[in-house]
1. Whole-Hz ³J(HN,Hα) for each residue in the stretch 78-94, computed from phi via Karplus 6.51 cos²θ - 1.76 cosθ + 1.60 with θ = phi - 60°, x for glycine and proline: what do you get?
2. Using alpha-carbon pairs under 8 Å, 6+ residues apart, how would you state the relative contact order of the stretch 32-137 in percent?
3. Please give, to one decimal in nm, the separation of the simple spin-label points placed at Val74 and Glu179, each 7 Å out from Cα toward the Cβ.
4. Can you tell me the order of 31-43, 149-161, 82-94, 66-78 when each peptide is scored by its average per-residue count of other Cβ atoms within 10 angstrom, highest first?
5. Going by average Cβ density within 10 Å per residue, which order do the peptides 130-142, 99-111 take, highest to lowest?
6. Please list the non-local residues whose amide H lies under 5 Å from the amide H of Gly97, H modeled 1.01 Å from N, same-chain partners needing a gap of 5 or more.
7. Between Gln158 and Leu223, what is the FRET efficiency for a Förster distance of 22 Å, r being their Cβ-Cβ separation, to the nearest 0.05?
8. Tabulate in residue order the Karplus-calculated ³J(HN,Hα) for the stretch 109-119, using 6.51 cos²θ - 1.76 cosθ + 1.60 with θ = phi - 60°, rounded to whole Hz; enter x for Gly and Pro.
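Rule-based calculations on the coordinates, nothing more; no lab input. As the structure is a computational prediction, the values presented were derived from the model and not from experiment. Reconstructed Cβ throughout: ideal geometry from the backbone, glycine too, with neighbour counts over all protein chains shown.
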Amino acid sequence: MGTITVGSAQPNGPAGTVTVTGTGGAEAAPDLTLVTLGVETRATSVDAAYSAAGAALASVTEALRAGGVAAADVRSTGLNVRADYVWREGEGQQVAGYVASSSLGVRLRDAAAVSGLIGEAVRAGGNAVRLNSLQLTLADDSAVRERARAAAWEDALQAARQFAALASAGLGRVLSVTEHAPGQVPVPLAGFQRASAAESIAVEPGTSRVETAVTVMWELASLAPA
């Protein structure tokens, strides 16, 4: 996307400006996996449901710690207890029991161990466990973002050169540079493959992509007379 503003230039002086927005991206193998694990239990009383959920979550947490996950990388993210209603003919809506749920946000830093750690956590929590989400990302995207910026700059520069040529001018000095926060870029989800019923689900990391956009204003320079 580009905009040219042509002014009334003096001979051999500035011919106006050209403003172009360039986009670029770069990819890298993700080195951080964000997992949300939950538990959900049902019982005839609030206390029993709450206690069962707590025991299941404790088992999941212990399995993660045993697998080498640091305490700082495990965080409680939700807790809920609600009544479980059913409709009965002639009686209307009735309380059939209570449901307790809780969840953990977990950061897994060893890509090779992700599948095994999730499998151990699921086994530890049993049928109460819910795998709510899994996201692959970069712990530090600064190096990848630098490459994305370079690609966005080249995209803007190529367009600016074309616009300048169409305006029978050349590119002068850069007057302003603005980086835009990119739109939300979908992070590739892991590929899941189950080798057999007894084995853990394999997590294929793929790549994570960082995108950015930069708007640059160049001065247009009048071409010297032939």
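1. x, 8, 8, 10, 9, 7, 9, 9, 10, 9, 10, 4, x, 10, x, 7, 10
2. Working: 207 pairs, mean separation 51.6, N = 106.
Computed over the stretch 32-137, the figure is 49 percent.
3. Going by the 7 Å Cα→Cβ label model, 3.6 nm.
4. Details: 31-43: 19.9, 149-161: 17.8, 82-94: 9.6, 66-78: 12.8.
With the highest mean Cβ count within 10 Å placed first, the list reads 31-43, 149-161, 66-78, 82-94.
5. Working: 130-142: 14.5, 99-111: 18.7.
Sorting 130-142, 99-111 by mean packing, highest first, produces 99-111, 130-142.
6. The list, which skips near neighbours in sequence, is Asp84.
7. Numbers: r = 19 Å, r/R0 = 0.86.
For Gln158 and Leu223, the calculated efficiency is 0.70.
8. My calculation for the stretch 109-119 gives 9, 9, 4, 5, 9, 4, 4, x, 5, 5, x Hz in order.
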